[in-house]
1. Between residue 54 and residue 223, with labels modelled 7 Å along Cα→Cβ, what's the label distance in nm to one decimal, could you check?
2. Counting pairs of alpha carbon atoms under 8 Å apart in space and at least six apart in sequence, what relative contact order in percent does the chain give?
3. Sorted from largest down, what three extents in whole angstroms do the Cα atoms of the chain have along their principal axes?
4. Between residue 31 and residue 216, what is the label-to-label distance in nm when each label sits 7 Å out along the Cα-to-Cβ direction?
5. Which percent of the Cα-Cα distances in region 169-242 go past 14 Å?
6. How big is the gap, in Å, between the Cα center of region 1-40 and the Cα center of region 215-240?
7. Taking the mean number of other Cβ atoms within 10 Å as a proxy for protection, how do you rank 95-107, 207-219 from highest to lowest?
8. Can you pull the one-decimal nm distance between simple spin-label points at residue 108 and residue 161, each 7 Å off the Cα toward Cβ?
């Protein structure tokens with residue numbers, strides 16, 4: 001399993017697409033935080049990283065499916081999936097190796113944004129005048145969100161041999177799970193159940209963590225959704241044997 005994990009990470013880092021995806025993410029977030037007039041910190045006048053944590057999830061909706069779209073789809077298309085499963089690995093071990101490889105690459109993409117934190121820390125008046133607890137909670141929420149999106153991307157990659165189809169399905173599912181339930185909760189038809197509907201989506205739990213409140217229920221939610229998507233991926237892989 002560790003060998004497969006390292007193979008996936010090395011394979012991605014050896015490809016041009018890895019650096020294009022990461023560069024697009026960092027460039028996009030950098031422009032939003034420091035250049036574009038409606039969102040940049042310098043014009044906003046407050047030492048915080050709201051732009052990164054409010055717009056980052058929407059960038060992730062495209063970044064992470066681009067990372068995961070090939071992980072199972074390419075194996076199925078090239079016929080190497082059967083060869084891979086002849087090794088002493090279970091379906092779950094294959095899925096977890098690819099999941100953790102994708103998750104590692106997501107964290108690898110997030111790490112350079114710590115430069116933004118240092119810059120804003122220095123720009124504060126006085127220096128260091130910012131909500132570090134809230135930023136730490138937001139980073140944890142963004143990392144857990146990346147874990148959920150990675151699991152969704154792996155599941156989408158198992159549905160088709162075509163990487164483009166896997167990418168589109170992953171983007172759609174990420175959007176629905178992130179903000180779809182919150183949008184549904186805003187409809188008048190649910191009555192007193194609106195809050196319960198909102199709690200099914202990621203946005204409710206992500207916003208709570210962005211306020212610096214690390215609640216075990218939110219962590220359990222993120223881990224639970226990731227586990228559910230991994231289970232669905234396992235069931236999909238097993239169905240090919242029927």
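1. Each label point is offset 7 Å from its Cα along the Cβ direction, giving 3.1 nm.
2. It comes to 25 percent, rounded to a whole number.
3. 61, 49, 29
4. Taking the simple label geometry, residue 31 and residue 216 are separated by 4.4 nm.
5. Roughly 68 percent, once rounded to a whole number.
6. Each part's Cα centre sits 24 Å from the other's.
7. 95-107, 207-219
8. Roughly 2.8 nm, to one decimal.
Laboratory data are not the source of any read-out in this text; all were calculated from the coordinates shown. Computed from a predicted model, the values in this text were never measured in an experiment. Cβ: placed from backbone, ideal geometry, glycine included. Neighbour counts: every protein chain shown.
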